[in-house]
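For reference, the structure discussed in these notes is given below.
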Amino acid sequence: MKTRKIPMRKCVGCQESKNKNELIRILKTPEDDVIVDGSGKMNGRGAYICPSVECLKKAQKTKALSRSLNIMIPEEVYADIERKMLEFEAG
Ligand SMILES: [Zn+2]
């Protein structure tokens, strides 16, 4: 019997591997927009991050998110992600 593996993804902030469902997916669309993919099913290049502002700040400071998506991410996109995270936390 094979046990079903839960997909693990690494947070670009704290670099910890976590269950995919516990992370927020940040997506680069084919139009080079950086958005939060709430459904986790949109096509494009994705990066994962904990729903934590702390991890977001870390990813911004180290440019890990930028590197992971291979795109320059402007300040306002980080602010937008932060807003989404606060919504995520609020449920
Ligand atoms: Zn994290």
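The values are calculated or read from the model by the stated rules, or taken from the named source; none is laboratory data. On a predicted model such as this, the values are computed, not experimentally measured, just so you know. Cβ placement follows ideal geometry from the backbone for every residue including glycine, while neighbour counts extend to all protein chains displayed. Areas reflect the complete protein model, heavy atoms only, side chains present, ligands, DNA and RNA absent. Shrake-Rupley method; radii C 1.70, N 1.55, O 1.52, S 1.80 Å.
Just so you know, the Cα atoms of segment 9-56 work out to an Rg and Dmax of 10.3, 29 Å. Beyond 20 Å in Cα-Cα separation lie the following of the pairs Lys5/Lys63; Lys2/Lys41; Lys20/Lys61; Lys58/Lys84: Lys5/Lys63; Lys2/Lys41; Lys20/Lys61.
Across every direction, the projection of the convex hull enclosing the Cα atoms of the chain has a mean area of 6.5 nm².
Placing Glu82, Glu75, Glu22 in order of accessible area, with the largest value first and a 1.4 Å probe, yields Glu75, Glu22, Glu82. Here the simple spin-label model places points 7 Å from the Cα toward Cβ, and for Met8 and Glu31 these points are separated by 3.7 nm. What angle, in degrees between 0 and 90 and rounded to the nearest 10, separates the Cα long axis of helix 75-90 from the longest principal axis of the Cα atoms of the chain? Roughly 40 degrees, rounded to the nearest 10. Residues in segment 36-44 carry Karplus couplings, in order, of 8, 8, x, 7, x, 10, 6, 7, x Hz; the curve used is 6.51 cos²θ - 1.76 cosθ + 1.60 with θ = phi - 60°, and Gly or Pro positions show x. For the chain, the solvent-accessible area with a 1.4 angstrom probe is 69 square angstrom per residue.
Ligands, DNA and RNA aside, Asp33 has an accessible area near 80 Å² when probed at 1.4 Å. Given charges of +1 on the Cβ of Lys and Arg and -1 on the Cβ of Asp and Glu, with all other atoms neutral, how large is the dipole of the chain about its Cα centre, in debye to the nearest 20? For the chain, the charge dipole is close to 740 debye.
Rolling a 1.4 Å probe over the protein heavy atoms leaves Thr3 with an accessible area of roughly 130 Å².
Couplings 3J(HN,Hα) of segment 28-34, computed from phi: 9, 7, x, 8, 6, 8, 10 Hz, in residue order, whole Hz [Karplus 6.51 cos²θ - 1.76 cosθ + 1.60, θ = phi - 60°; x for Gly and Pro].
In the chain, the portion of solvent-accessible area held by carbon and sulfur atoms comes to 50 percent [1.4 Å probe, whole percent, DNA, RNA and ligands not counted]. Our estimate of slack between Glu54 and Ala79, defined as 0.36 nm per intervening residue step minus the Cα-Cα distance, is 7.7 nm.
Take every DSSP beta bridge whose two residues both sit in the chain, then give the antiparallel share in percent to the nearest 5. Here the share of antiparallel DSSP bridges comes out near 90 percent. Across the chain, Cα pairs under 8 Å and at least six residues apart give a relative contact order of 27 percent.
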